[in-house]
1. Just to verify a result, which residue in segment 193-212, among those that are aliphatic (A, V, I, L, M) and crowded, with 19+ Cβ neighbours inside 10 Å, is farthest from T154 (Cα to Cα)?
2. Hey, does segment 237-244 have a residue that's aromatic (F, W, Y) and within 14 Å of L6 (Cα to Cα)?
3. May I ask you to list the residues in segment 23-38 that are under 18 Å from G57 (Cα atoms), surrounded by fewer than 22 Cβ atoms within 10 Å (Cβ to Cβ) and of a type in the set (S, T, N, Q)?
4. Scan segment 59-70 residue by residue and report those that are surrounded by 17 or more Cβ atoms within 10 Å (Cβ to Cβ), out of contact with any Lys or Arg (no Cβ under 8 Å at 6 or more places or on another chain) and either part of a helix (DSSP H, G or I) or touching a residue at least 60 places away in the same chain (Cβ under 8 Å) (or both).
5. Which residues, counting only those in segment 130-143, are out of contact with any Leu (no Cβ under 6 Å at 6 or more places or on another chain) and either over 24 Å from I212 (Cα atoms) or assigned to a strand (DSSP E or B) (or both)?
6. In the list V146, V204, V221, which residue meets the criterion of being over 30 Å from K75 (Cα atoms), part of a loop (DSSP other than H, G, I, E, B), modelled with pLDDT of 95 or more and in contact with a strand residue (DSSP E or B) (Cβ under 7 Å, 6 or more places away or on another chain)?
7. H89 versus (1) exposed (fewer than 14 other Cβ atoms within 10 Å of the Cβ); (2) touching a Leu at 6+ places or on another chain (Cβ under 6 Å): which is the lone unmet condition?
8. Working only within segment 237-261, note down all residues that are at pLDDT 95 or above and either within 20 Å of E192 (Cα to Cα) or in contact with a Leu (Cβ under 9 Å, 6 or more places away or on another chain) (or both).
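The values are calculated or read from the model by the stated rules, or taken from the named source; none is laboratory data. All values reported here derive from a predicted model rather than from experimental measurement. Here Cβ is always computed from backbone atoms with ideal geometry, including for glycine, and neighbour counts include all displayed protein chains.
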Amino acid sequence: MIGVGLRSPHHQDFIEQFPSVGWLEIHSENFFNRHTPQYQQLMTLIEHYPISCHGIGLSLGSADPINLEHVKQLKQLIDVVNPIMVSDHLSWSSIDGQYFNDLLPLPYTKQALDLFCQKVVQVQDLLNRQILIENPSSYLSFAHSVIPEWEFLTTVQQRTGCGLLLDLNNIYVNSFNHQFDCQTYLNAINPETVKEIHLAGFTVKHFPQGEIWIDTHNQPVSEPVWQLYRQWVEQHGKHFPTLIEWDADLPPLERLLAEAAKADVILKREHHHEICCKERSSPHPTILCQSTTISR
């Protein structure tokens, strides 16, 4: 099931066309205010599409207490939208009640791990549902980090029962910025805990000291990230809800849907491969083949 982000410039296109797409992702905080045209448009669209609520404001990695008013507003939105997924990030964005317009990296230490897990459990209890945690993009690391990010993330999942939102573009970007092997990261992830995948584009920035890759979400998915996606789907052989993230320099909706179609082809190809494998391994391949033909 392939989804795309519901962003303001495309709202009217969706209202007028209702294009065929598996689901829509909203940025939760943009819809806390019920008295906006965007909220009213969302009320129309939830009658036609499953919705995922993707947040940037829980600040789960902050030393600040959980913002209960924020969670209350999120819960109110969830109660109205009935989303298929609710997610936020392995990051922090507030200190002493002041919020930054960014998702900042954590020191990967035992203390930070304990704090993050406590907050995930608290939020899941308040929302009375599982949330998904997304692996972040980052452009610096802390000298006193002692836990690899993939181990930190999987430990959060094991301790809290949260799901994982696996952002393959972030893994690819970070593999360059922090010099690790993408496969090392992916091999550490239990596919049964992955409830969603993000695909996006990135930008290379050049500086006198070298270059850095930035998760800008402003262009098509790069071929290396498509390749990671193909490998993941082929290896694990299941349909992962997948989102095409394109948040800046937005193209026409048709271009965004074309990116989604690429992901759909990959999933359908793997589904066809699964069917063929079952037919070959079955003691009654003719019956299976007939059943498969009828279902199509």
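1. Of the residues in segment 193-212, the ones aliphatic (A, V, I, L, M) are 194, 197, 199-200, 204, 212.
The next check asks that each one be crowded, with 19+ Cβ neighbours inside 10 Å; those that pass are 194, 197, 199-200.
On the way: V194: 10, I197: 15, L199: 20, A200: 22 Å.
Per the stated criteria, the residue is A200.
2. no
3. N30, N33
4. Residue satisfying the conditions is H70 alone.
5. Result: Q130, I131.
6. Values: V146 fails: in contact with a strand residue (DSSP E or B) (Cβ under 7 Å, 6 or more places away or on another chain); V204 fails: part of a loop (DSSP other than H, G, I, E, B).
Matching residue, one of V146, V204, V221: V221.
7. (1)
8. P241, T242, L243, I244, E245, W246, L250, L256, E259, A260 - these are the residues of segment 237-261 that are at pLDDT 95 or above and either within 20 Å of E192 (Cα to Cα) or in contact with a Leu (Cβ under 9 Å, 6 or more places away or on another chain) (or both).
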